Each structure stands twice: as structure tokens, then as C-alpha cells.
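**Q** Below you'll find the structure I mean.
The values are calculated or read from the model by the stated rules, or taken from the named source; none is laboratory data. Not measured: the values here are computed from a predicted model. Glycine also receives a Cβ, built like all others from the backbone with ideal geometry; neighbour counts cover every protein chain displayed. Each accessible area value is taken on the protein alone, full model and side chains, heavy atoms only, with ligands, DNA and RNA left out. Shrake-Rupley method; radii C 1.70, N 1.55, O 1.52, S 1.80 Å.
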Amino acid sequence: MSSPNKPEPVAAANFITNIVEADLAAGKHAPRRWAGHPGIAADHAAAPLDPAKIRTRFPPEPNGYLHFGHAKSILLNFGLAEQYGGRCHLRFDDTNPEKEEQEYVDSIIDAVHWLGCSWESVGENNLYYASNYFDWMVQFAEYLIAAGHAYVDSQNADEMRASRGTLTEPGRNSPYRDRSAAENMDLFKRMQAGEFADGTHILRARIDMAAPNINLRDPAIYRIRHATHHNTGDKWCVYPMYTYAHPIEDALENITHSICTLEFEDQRPFYDWLLERLAEGGLLQRPLPQQIEFSRLNLTYIVLSKRKLIQLVEERHVDGWDDPRMPTLVGARRRGYAAEGFRLFAERIGVSKNDSLIDYALFEDAQREVLNESAERRIAVLDPLRLVIDNYPEGLVEECLAPNHPLKPELGKRAVPFGKELWIEAEDFMEEPTKGYHRLYPGNMARLRYGYVVKCTGCDKDANGKVVAVHCEYLPETRSGTPGADSVKVKGNLHWVSVAHACAAEIRLYDRLFRAPAPGAGERDFLDDINPDSRRVITAQLEPALREARLEERFQFERHGYFVADRVDSRAGAPVFNRAVTLRDSWGKAG
């Protein structure tokens, strides 16, 4: 794995890397100049050549929390910049004042950092806000008006929709399309001054209402919105449309390869049209950014629709955006997933233009592989049953040595206290064993891991017949690590925790939020596919070393899976653990 402070390089060749390498070989972007900050052509003209061979960007709108699909885009964009000696910008596409909040800005910054990506490189801090470009965007809009490429339309929304046409029928020109440049400029200035109510007028590009691509039928580029913006306050009452703002932002930031998902493919002709018009006017330097589309991430057993995620939160089907069952990055972090696991998964699935549904098990496998390498081992008994060693001396406490990581002997061993009474898993005893059962049952022997071989002698039951304690005797000469350890051969190997030293802790056993591979497929409501067993809360008995687990510290609980000390609810000396993933995929068997 690479350093946790860097994204995993995009190692495998794909159609995007082929484009980048062809551009570099042709020297396409070599003439670009960079003023050290975003700017128009005049700002860059006298500046040195851009030291970045390429520039990519991750441009989230701060109107929600990032999810697994965003992780793919983040790692792709930052990975390409890393691979080809470039820079990747983090840009907040904050052009919609009614839905954006500082809370989301902060969460996005945290999530990108958590994934190991940085927009600070070689003296550059490439963190930007689209709202800081509003002055330029208005200037560009006024240029388009003066050049005859834009006009103010005074139709209402229904009239505009009716005149837009269909995929098989051309649209109709607005009755306001032939306003003079002077009249359009006057109206647009008055829109900026706050003279008109929301929806009264809208600025549209003048392209072709009969264009086969419906996105070229005079798309809206500026609308009136009397709303307070999280960054610019009440300075503006007109705001750019996303399809107008996005290409301008790319060009101002010297982006070479503007990588986005396939749903923006139909918008590319307008992206190119707009930048060409502005470059013709000398406002943007060439070469212009190139938009490239790739398929978005589609995973089984989750939903990534923002509308559906909001519904899950607002209707309290989950406990918030950071619920460990949510496919948000803040939820993944809290669940105990590793950022390195996202990078490994992204590398394995690659990028393409073909939409496909990827099995969630592949994501879990990547997490297991990373966690198996990084997580130290600890002992936890999730369903405790008391085991009494009748012939073990009263009051005696021994220390058994357990490796912190079997694959990393350099991490050493830790002492685990052993006494007369232990907690074992309830499933490790059967009064009447089934065929092939090798753990404890009357008359059978098994090894207590890191300790002794014991022979089961019986059990105690309560008034309802439930087993409440198991009795056994130990063989003193069979202690692990001694010459007699192999003197008695047994098939069962049990983990345990000393009753006198155990740490009782809340454990949250998380599973998939949905029980159907495609939640809501067909005519079903996706909420009907929620898995009622997606979270189970238990009290477990843990080895004492876990009492001091640090927030977000991950462990493999032997036999059970990978767990993390919850970053929200854990307290000093009283950790709460979340299960990230089991040791192996048991979903199909469980189903």
C-alpha cells in the first residue's frame, strides 16, 4: 500500500490515462501559463509556464455528505494528478445558495483528507470556491450578451418548458429571443440590482432551439435568487446555473482534464460551446479544458441517490449521515472501514464508460485485505458463557502471551491474564454435540488458545434448563509455548477472556442496510428492502487491553471480524466498538 497521506496511483491503463498520456506526448498543455491562482486569460498571460503537467479537480456541491461514489471520483482525480506530475484541486461548486451549508463544506474537507488526498502540493494550496468567481461569471455573461450570444427571457417556467420541444420535435424560439443587446444588458443589470422577483426573468444562451441535443436549445445560464449565500452573504441576487458555472470554473483554474460521470456526457457540447465563445473574446487562455466522462459507481445492496439518502436520514431509518450503515464516507469512517480499502477497491474496479453493477462483496474483500494487514489482534467474547476450571488453583493468575499480529512479529506479544473462571463463546459448548463438532462437550478436550488443554466435565443449568456455566479440568503440562503443549492432540481451539479481568463493552454488529441486491428494483419502494437485522447491539466481554482503545483504533477480534472504537460514543476507559466487516463473506449463507 502507498503512504496513507497519498492516494493510490491509478496504476492500470484505461481510456482516461490513454487520453492524458497522448496529450502529454503531443505537448498539448505545455503552453499553459499559471499565475499561481485562478484567473482570466489576462491574469495568466504574463505568468510563468504552469509547473503542473496536468490539472484535475474534484468539484463537490456542498449540499450534502459525500458517499462511496464520490470516493471513486476523488481517488481517480487525485490519483491521476499524482501519477502524471500534476495538481488536483478541491473546488466547492457552491452556486446554489438555498441548499449549501458550511457544515457540508467542513465534512467534505474532512472526508477528502481521510481518504489520504491533499490539494496542497509544492507550495500551492488549491482549495477553491466557485462563489469566489461570481464577479468573473457576471463579466462573462455580459460579454455574451454584448456579443449576441445571450438574451434575457421573460417567459415563466411553464412557458419555457412548453417551448423547449422534445427529443423528436424541435423547440420554438422565445418571443423575447430577438431583444437587442442593449435591452438585454439593461435587464441583466437590473436583475443584478435586485429589481425583479425570483422567476421573473432568466438569462439564456442563444444557440439553436432546433438542435438535436436538447441541452443546446438556449440553455439557462443565470437565474434570480434572493437568498443568502454561505460564502458571499447577500452580495448577489443572481446566481449562475451549474452548466454555465462549471466549465468557467475549470478554465479559470487551468484544469486540463475535467473528469465527470456519464450523466454529463450530453452536456459536453454546451461545455465546449461556452468555453469557445469566451476564448474567442480573449477572456480564457487556450488550450481549453477537456471534459471526459466515466461510469459512476454502482454497488449492490446500497443506494447512492441523494434523494434516497436524505429520506433515510429525515425519516429516521438510520441515526444520521454518519450512521455506520450509511454509504457515506463519514459513515464508512465511523464503521471502521479503512481509507486504504477504498483505494484498493478503486484500483481493482478501474474506470470505464460502461455502466455495471458491482457486487458489494468486492468492496468488503478489499476492506478485509487491508484490515488483515493493518489491524492488531485482540480477544473478545461476543456471546459470553462462563467456563469454570474446577482443578485450577483458587486465586492464581497467569499471563498467557498472545501475538499482536501474526504476520508482523516485530509488533511483539501482549500478556493476557488467565484464571480459574473464563468467558467463552456460548456456541463453543454443546451438551449433545452434532456430527463434526470439536469444541467442548462432556468428555471432550479442546485447547484454550494461548493457554491449556481442558477436558469438559459437565455444565450448570438454570430453572429453565438454559446452560449458565460449563465445567472442565485443565491439563497443567499442556500450556502453550511449553514442551508439553503438543503432548495432547485436540481439534478444537477456543478463545476466552478471564472473568476477573474482562472489560464489558457495548458492541454494535452492523450488516448491510438493505437485504436486496438492488433496493427498490421494479415497482418496489426501496424502504421495503431495508434489512431489519442491519444492526444488533450486544454487551461483550473483552480482554483488558481493549479498555484503553483509542478512538478509531481498529482491531481484528479473533474469530469474529474487524472492529473499531466508535469515534462518537466511546469514552476514556469505556470504548464502544462497531463491527466493520466479518472475517469472511457470510451474506449468501445467512440469506
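**Q** Please list, ordered by chain and number, the residues whose modelled amide H lies under 5 Å from the amide H of Lys413; skip anything fewer than 5 residues away on the same chain.
**A** Counting only residues 5 or more places away or on other chains, the set is Asn404.
**Q** Determine the shape class of the stretch 409-538: with a ≥ b ≥ c the square roots of the Cα gyration tensor eigenvalues, call it rounded for a/c under 1.5, and otherwise prolate if a/b is greater than b/c, oblate otherwise. Numbers along the way, then the final one.
**A** On the way: a/c = 2.38, a/b = 1.87, b/c = 1.27.
Prolate.
**Q** On to the next question. Quickly rank 356-363, 137-144 as a protection proxy: mean count of other C-beta atoms within 10 Å, highest first. Don't skip to the end; give the middle numbers.
**A** Values: 356-363: 15.5, 137-144: 20.5.
So the order, starting with the most tightly packed, is 137-144, 356-363.
**Q** Across the stretch 502-508, in residue order, what do the Karplus-derived ³J(HN,Hα) couplings come to in whole Hz, using 6.51 cos²θ - 1.76 cosθ + 1.60 with θ = phi - 60° and x for Gly and Pro?
**A** After applying 6.51 cos²θ - 1.76 cosθ + 1.60, I find 5, 10, 7, 8, 6, 10, 10 Hz.
**Q** If you roll a 1.4 angstrom probe over the protein chains with everything in place, what fraction of the accessible area of the stretch 225-371 belongs to carbon and sulfur, to the nearest %? Don't skip to the end; give the middle numbers.
**A** Working: 2400 of 5340 Å².
Ligands and nucleic acids excluded, carbon and sulfur reach 45 percent.
**Q** Explain nothing, just the number: relative contact order of the stretch 370-480, from Cα pairs under 8 Å at least 6 residues apart, as a whole percent.
**A** Numbers: 203 pairs, mean separation 28.3, N = 111.
About 25 percent, as a whole number.
**Q** On to the next question. Please name which of Ala35, Ser180, Val453 has its Cα lying farthest along the dipole of the chain towards the positive end, using unit charges on Cβ (Lys, Arg +1; Asp, Glu -1) and the Cα centre as origin.
**A** Val453
**Q** Please compute the per residue accessible area over the chain with all protein chains in place, 1.4 Å probe, rounded to a whole number of Å². Walk me through the numbers before you get to the answer.
**A** Working: 25550 Å² over 591 residues.
Spelled out: the 1.4 Å probe surface of the chain, per residue, equals 43 Å².
**Q** Which value in Å does the Kirkwood hydrodynamic radius of the stretch 344-495 take, with 1/r averaged over all unlike C-alpha pairs and then inverted?
**A** For the stretch 344-495, the Kirkwood estimate is 18.2 Å.
**Q** In terms of Cα to Cα distance under 20 Å, which lysines are near enough to Lys28, apart from those fewer than 8 places away along the same chain?
**A** Lys53
**Q** What does the highest-first list of 25-37, 227-239, 448-460 look like by mean Cβ count within 10 Å?
**A** On the way: 25-37: 14.3, 227-239: 16.4, 448-460: 20.5.
Ranking, from highest mean packing down: 448-460, 227-239, 25-37.
**Q** Same structure, new question: Once a ≥ b ≥ c are taken as the square roots of the eigenvalues of the Cα gyration tensor of the stretch 29-104, is the result rounded (a/c under 1.5), prolate (a/b larger than b/c) or oblate (a/b not larger than b/c)? Spell out each step's value before the answer.
**A** Working: a/c = 4.04, a/b = 1.50, b/c = 2.68.
Here the stretch 29-104 falls in the oblate category.
**Q** Follow-up. For Ala52, enumerate residues with amide H under 5 Å from its amide H, sequence gap 5+ or separate chain, H modeled in the peptide plane.
**A** Long-range HN contacts for Ala52: none found.
**Q** Evaluate the distance, in nm, between pseudo-label points positioned 7 Å from the Cα of Glu394 and of Asp208 along their respective Cα→Cβ axes.
**A** 9.7 nm
**Q** To continue, here is another question. If the label point is 7 Å along Cα→Cβ of Leu362, which residues in the stretch 325-347 have backbone nitrogen under 17 Å from it?
**A** Residues 341-347 qualify, since their backbone N sits under 17 Å from the label point.
**Q** Right, next: Using the Kirkwood radius built from alpha carbon pairs, what does the Stokes-Einstein equation give as D for the stretch 478-591 at 20 °C and 1.002 mPa s, in µm² per second? The partial results should precede the final answer.
**A** Values: Rh = 16.9 Å.
D = 127 µm²/s.
**Q** Highest first, please rank the peptides 218-226, 569-577, 521-529, 56-64 by the mean number of other Cβ atoms sitting within 10 Å of their residues.
**A** On the way: 218-226: 18.8, 569-577: 16.1, 521-529: 11.3, 56-64: 22.3.
Top of the packing list down: 56-64, 218-226, 569-577, 521-529.
**Q** Can you list residues whose amide H is under 5 Å from Val576's amide H, if they're 5+ apart or on another chain and H is modeled 1.01 Å from N?
**A** Asp566, Ser570, Arg571
**Q** Using the C-alpha atoms of the stretch 357-398, what convex hull volume per residue, in cubic angstrom, is computed? Working shown, then result.
**A** On the way: hull volume 5.1 nm³, N = 42.
Here the figure is 122 Å³ per residue.
**Q** Taking θ = phi - 60°, what integer Hz values does the Karplus form 6.51 cos²θ - 1.76 cosθ + 1.60 yield along the stretch 474-486, in sequence order, with x for Gly and Pro?
**A** 9, 9, x, 7, 9, 4, 4, x, 9, x, x, 4, 9
**Q** Nothing charged except the Cβ atoms of Lys and Arg (+1) and of Asp and Glu (-1): what's the magnitude of the dipole of the stretch 496-591 about its Cα centre? Round to the nearest 20 debye.
**A** Working: 15 positive and 15 negative charges, 45 e Å.
With only Lys, Arg, Asp and Glu charged at Cβ, the dipole is about 220 debye.
**Q** Zone of Lys306 (label point 7 Å along Cα→Cβ, backbone N under 19 Å): which residues in the stretch 43-81?
**A** In the stretch 43-81, the label zone of Lys306 (backbone N under 19 Å from the point 7 Å along Cα→Cβ) covers 57-75.
**Q** For the stretch 350-433, take the convex hull of the Cα atoms, compute a quarter of its surface area, and give me that in nm², please.
**A** Details: hull surface 39.7 nm².
For the stretch 350-433, averaging the hull's shadow over all directions gives 9.9 nm².
**Q** Name the shape class, rounded, prolate or oblate, that the alpha-carbon gyration tensor gives for the stretch 1-159, where a ≥ b ≥ c are the square roots of its eigenvalues, rounded holds for a/c under 1.5, and otherwise prolate holds if a/b is larger than b/c and oblate otherwise. Intermediate results must be reported in sequence, preceding the final value.
**A** On the way: a/c = 1.89, a/b = 1.28, b/c = 1.48.
Oblate shape, in that a/c is at least 1.5 and b/c is the bigger or equal ratio.
**Q** Here's something else I'd like to know. Measuring from centroid to centroid over Cα atoms, what is the spacing of the stretch 199-230 and the stretch 356-429 in Å?
**A** 61 Å
**Q** Quick one: dipole size for the chain, taken about the Cα centre, charges +1 on Lys/Arg Cβ and -1 on Asp/Glu Cβ, in debye to the nearest 20. Intermediate values should be presented prior to the final figure.
**A** Working: 72 positive and 87 negative charges, 200 e Å.
That gives a dipole near 960 debye.
**Q** Let me ask you something else. From the gyration tensor of the Cα coordinates in the chain, what semi-axes in whole Å does the equivalent ellipsoid have, largest first, with each one equal to sqrt(5λ)? Don't jump to the answer; show the numbers that get you there.
**A** Working: eigenvalues 749, 127, 78 Å².
Its equivalent ellipsoid spans semi-axes of 61, 25, 20 Å.
**Q** Tell me the Rg and the Dmax, in Å, that the Cα atoms of the stretch 194-292 produce.
**A** Cα-based Rg and Dmax for the stretch 194-292 come out at 14.7, 40 Å.
**Q** Dipole of the chain (Lys/Arg Cβ +1, Asp/Glu Cβ -1, origin at the Cα centre): which of Asn578, Val351, Phe418 lies farthest to the positive side?
**A** Phe418
**Q** Okay, moving on. Could you tell me what percent of the accessible area of the stretch 373-488 is made up of carbon and sulfur, with a 1.4 Å probe and every protein chain present? Write out the running numbers ahead of the final one.
**A** Working: 2890 of 5840 Å².
Percent of accessible area from carbon and sulfur atoms in the stretch 373-488: 50.
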